[in-house]
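The values are calculated or read from the model by the stated rules, or taken from the named source; none is laboratory data. These numbers come from a predicted model, not from an experiment. With ideal geometry, Cβ positions are generated from the backbone for all residues, glycine too; neighbour counts draw on all protein chains shown.
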Amino acid sequence: MTHHRPSPPVARGTRGAHPIGPILLLLLLVAGLPAEATLVLLEPVEDAARAADRVLVADVDHLSTELHHGAVHTRAWLTPILDLDDPPLDGPLSVLTPGGRHGEVATRVAGSPQLSPGSRVLLLLDRGNDGEWHIRGLALGHFVFHTHLDGRTAVLRDLRGLGILPPPVPTDPDHNAHQHADAPAAFWWHELEPALRAARASHPPSGDSDPPHAPSDSSPAPHEVPPTAPHADQPRPTPPGPLTP
């Protein structure tokens, strides 16, 4: 007589208990990224501006490098042109970005914003625990002013080197999961500035010296910021389709 060993029990209806789906989704997302990429979560510009500690337009004066907490950082010295917060910052300021060359030590951080002297930039800034200003979301929070062929002003950001992951899908069934499916690389300034002002007014930052924003029934008139010519070494991404009239 042949004895058959009973088969082990099979749990039914437990396919959802294994995190294979999310793992495969993450692998597919990472597989499409460049060989060198810094992963960041996608944050719509208005949300980033609302959460940032400061939003301003400034001219880049000059750069220097230093060792900051044992790593090479580039310090950009800026002259503010338009501060979207009250009271505005008084006088020049500097921001730290990761990477650069300091003496014989060089560090490259994929997706780190590349500021160039002579350029005019829009920056979304966070103040770190070290008291320094840092650009929020690396290159996501750095925009360069550029004059379009038709004379209008656009702000462009160079997203190369960033692996942009979609935000977590909320549990709200009425939420449109595709409303923030990409990270635009260019915006018309006359359209973006009012949105930034509204974002700053709706959720002012909690800075040490920044008073709350006074409520306003009407949005301020857009402020025209004449762009300066980008520096020769500054990458100039091509404005995408939405900027075409």
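Taking region 50-77 as the range and being of a type outside the set (Asp, Glu), closer than 17 Å to Val144 by Cβ, in contact (Cβ under 8 Å) with a residue 24 or more places away in the chain and surrounded by 15 or more Cβ atoms within 10 Å (Cβ to Cβ) as the test, the residues that pass are Val55, Leu56, Val57, Ala58, Val60, Leu63, Thr74, Ala76. Cβ-Cβ contacts under 6 Å between residues 6 or more apart (or on different chains), taken from a first residue in region 180-201 that is surrounded by fewer than 18 Cβ atoms within 10 Å (Cβ to Cβ) to a second residue that is at pLDDT 90 or above and charged (D, E, K, R), are listed as Ala195/Glu46.
Yes/no per residue for (1) assigned to a loop (DSSP other than H, G, I, E, B); (2) more than 20 Å from Trp77 (Cα to Cα); (3) acidic (Asp, Glu):
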residue	(1), (2), (3)
Ser112	yes, no, no
Pro117	yes, no, no
Leu122	no, no, no
Leu125	no, no, no
Asn129	yes, no, no
Phe145	no, no, no
Gly151	yes, yes, no
Arg160	yes, yes, no
Gly163	no, yes, no
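When you look at Ala177, is it surrounded by 13 or more Cβ atoms within 10 Å (Cβ to Cβ), under 18 Å from Asp47 (Cα atoms) and either of a type in the set (Gly, Ala, Ser) or at pLDDT 85 or above (or both), yes or no? No; evaluated as a whole, the condition is false for this residue. All conditions but one from (1) surrounded by fewer than 20 Cβ atoms within 10 Å (Cβ to Cβ); (2) without any contact (Cβ under 8 Å) to a residue 60 or more places away in the chain apply to Asp86; the one that does not is (2).
For region 154-164, the criterion of a residue being over 15 Å from Ala185 (Cα atoms), surrounded by 14 or more Cβ atoms within 10 Å (Cβ to Cβ) and not aliphatic (A, V, I, L, M) is satisfied by no position.
Taking the conditions (1) surrounded by fewer than 21 Cβ atoms within 10 Å (Cβ to Cβ); (2) closer than 21 Å to Leu82 by Cβ in turn, Val95 satisfies each one other than (1).
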